[in-house]
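> Have a look at this one before I ask anything.
The values are calculated or read from the model by the stated rules, or taken from the named source; none is laboratory data. Values in this document were obtained by computation on a predicted structure and should not be read as measured data. Glycine also receives a Cβ, built like all others from the backbone with ideal geometry; neighbour counts cover every protein chain displayed.
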Amino acid sequence: STGLTKRVVCPDGKNTVTNAACCPLFALRDDLQRNLFNNGACNAEAHEALRLTFHDGIAISNKTGNHGGADGSIMIFDRIETAFHPNIGLDEVVAQQKPIQARHSINPADFIQFAGALAVSNCPGAPQLPFFLGRKVATAPAPDGLVPEPFHTVEQILDRFADAGPVGFEDVEVVWALSAHTIAAANDVDPNTPGTPFDSTPAIFDTQFFLETQLHGTTFTGRTGVKGEERSAVRGEMRLQSDHLLARHNRTACEWQSFVNNPQKLHDRFIDAWLKISLLGQDQDLLTDCSDVIPVPKTINVQATFPPTLSNKNVEQACADTAFPTLASAPGPATAVPPVRR
Ligand code: HEB
Ligand code: CA
C-alpha cells in the first residue's frame, strides 16, 4: 500500500470522494444546508435532525428479533410513529425533512442519519461523525414503547438500551450517547416554554451539559411539577429527570463526570455511540463509507466553566471514585439562558 487513498472526481466536477457512490450526497448536503439548516447553522432544525436519528435507530428490540432500528420507519410510517408519546414534536421535523428526501435519490433510512451527521457538523466543537450509505428500509412501523422517556428510571433506560439490537448498549455507552444533549432543547416537555436548552451553550458541542446537570437544582424555567423534569441550576435551562438521575446513579455517575472538561473524550466516545445508533438493524459491511461528505466541524477552545455565581460548592458529587474537577466560574451576576428560537 502507498498509504494514499485514491479519490474520484464526482460528475459535478468540483467534489472528490473515495467512493463514487457517495457523489449524489453533495447536492443533498447543499440542499439541507441551505433549506433546513439556515446556511450551515447549529440551529433548532439541526438539533432536531440529531434527535430524529436516535428515535429512528433505538426502536429495535432483541426481545422481538431485532427488526427495525435505523430503517427510516419514523419517516415512512410517520403518521403512526410520530403519534407515539416519546416522539412528540417529531411530526414537524419529519414534515420539514420529507420533501427534501423526496427530491434526492436517497432512501429515508439513509436520509435521516445523513441529515443528523451533517447537522452535528454545523455545531462548533463537534466531532466529524461518520456516515454510511445503503441501509435497507423498513417494511413495517416500529412498535410503541421502545423510545426512552425523561420520566423513566435509570434501570428502565439502561435496560432499554441494553435490549437495542443483538449487542445492545453498555451503561457507559448510554452516557456517551447522551453527549447529544449538549446541542439540545425541549419544545414539548413544557410546551409553555419552547426551546428551553439542556445546557447554557446549545449551539456549541462542548462539555457544559455534563457539568451543569451535576449542579444542585434550584429553579424551573417554566411550570413547576412537569412530568420528567427536575430543577435546573441556571434560569432559562431545563434539566430532564432522566439526565438528572443518570448523572447521580452509581452505574453511570463516574462516566458522566469523566466528560466534564474533556472534549477529546467527548469526541471519541460520541462518534462510537452515535455510529452504533445510526447502524442499528443494519450490517455495516454491506454499506458504503461516505464519511468524507460530512464537513469537518469548526473547532472551539473553551474550558468548562461554572455558570456565574456558581462553583465547585454547588456540585452534587455523585462519583465516589474521583473528585469533580476544579474549574473557574464565569464572571458577573447570574443571567438567564435564552431559548433556542426556530
Ligand atoms: Fe434526547 C431532546 C429525552 C437520549 C438527542 N431528549 C430531548 C427531549 C427529551 C429527550 C424529553 C426534549 C424533546 C422536546 O422537544 O420536548 N433523550 C431523552 C431521553 C433519552 C435521550 C429520555 C435517553 C436517556 N437524546 C438521546 C440520545 C440522543 C438524543 C441518545 C442522540 C444521540 N434529544 C436529542 C436532541 C434533542 C433531544 C438532539 C434536542 C431536540 C431539539 O432541540 O429540538
Ligand atoms: Ca453545549
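> So for the range 186-200 (the condition being under 27 Å from Lys313 (Cα atoms), buried (at least 24 other Cβ atoms within 10 Å of the Cβ), over 17 Å from the mean Cα position of the chain (by Cα) and of a type in the set (Val, Ile, Thr)), does at least one residue qualify?
No - not one qualifying residue is present in the range 186-200.
> Checking the conditions here, which among Glu237, Glu155, Glu173, Glu149 is without any contact (Cβ under 8 Å) to a residue 60 or more places away in the chain and out of contact with any Lys or Arg (no Cβ under 6 Å at 6 or more places or on another chain)?
Details: Glu237 fails: without any contact (Cβ under 8 Å) to a residue 60 or more places away in the chain; Glu173 fails: without any contact (Cβ under 8 Å) to a residue 60 or more places away in the chain; Glu149 fails: without any contact (Cβ under 8 Å) to a residue 60 or more places away in the chain.
None of the others qualify; the one that does is Glu155.
For every residue, the table says whether it meets (1) of a type in the set (Phe, Trp, Tyr); (2) farther than 24 Å from Met238 by Cα.
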| residue | (1), (2) |
| --- | --- |
| Cys123 | no, no |
| Pro127 | no, yes |
| Lys136 | no, yes |
| Thr139 | no, yes |
| His152 | no, no |
| Phe161 | yes, no |
| Ala164 | no, yes |
| Val167 | no, yes |
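> Shifting gears a bit: Of Val189, Val147, which residue is near ligand 1 (Cβ under 7 Å from one of its atoms), touching a Pro at 6+ places or on another chain (Cβ under 8 Å) and of a type in the set (A, V, I, L, M, F, W, C)?
Numbers: Val147 fails: near ligand 1 (Cβ under 7 Å from one of its atoms).
Being near ligand 1 (Cβ under 7 Å from one of its atoms), touching a Pro at 6+ places or on another chain (Cβ under 8 Å) and of a type in the set (A, V, I, L, M, F, W, C) holds for just one of Val189, Val147, which is Val189.
> Residue pairs, Cβ under 6 Å, 6 or more apart or interchain, first in the range 315-334 and at pLDDT 95 or above, second loosely packed, with under 13 Cβ neighbours inside 10 Å. List them.
Glu316/His216
> Here is a check on your reading of the model: is Glu230 within 14 Å of ligand 1 (Cβ to nearest atom) and over 25 Å from Ala41 (Cα atoms)? If you could, list the steps in order and put the result at the bottom.
Values: within 14 Å of ligand 1 (Cβ to nearest atom): yes; over 25 Å from Ala41 (Cα atoms): yes.
Yes, satisfied.
> List the helices (runs of 4 or more DSSP H) inside the range 38-128, counting only whole elements, that have at least 1 residues being of a type in the set (Gly, Ala, Ser) and more than 16 Å from ligand 2 (Cβ to nearest atom). Lay out the reasoning, then the answer.
Numbers: elements: 44-57, 73-76, 78-81, 90-102, 108-121.
Hits in the range 38-128: 44-57, 73-76, 90-102, 108-121.
> Pick from the range 166-181 the residues that are part of a loop (DSSP other than H, G, I, E, B) and more than 11 Å from ligand 1 (Cβ to nearest atom): which of them is nearest to Asn314 (Cα to Cα)? Spell out the reasoning first.
The initial filter retains those residues of the range 166-181 that are part of a loop (DSSP other than H, G, I, E, B), namely 166-170.
Next, from what is left, pick out any that are more than 11 Å from ligand 1 (Cβ to nearest atom): 166-168, 170.
Details: Pro166: 41, Val167: 38, Gly168: 35, Glu170: 30 Å.
If we take residues in the range 166-181 being part of a loop (DSSP other than H, G, I, E, B) and more than 11 Å from ligand 1 (Cβ to nearest atom), then Glu170 is nearest to Asn314 (Cα to Cα).
> Also, I was wondering about something else. Return yes or no: is Pro202 within 16 Å of ligand 2 (Cβ to nearest atom) and at pLDDT 95 or above? Explain how you work it out, then say what you get.
Values: within 16 Å of ligand 2 (Cβ to nearest atom): yes; at pLDDT 95 or above: yes.
So Pro202 passes the test.
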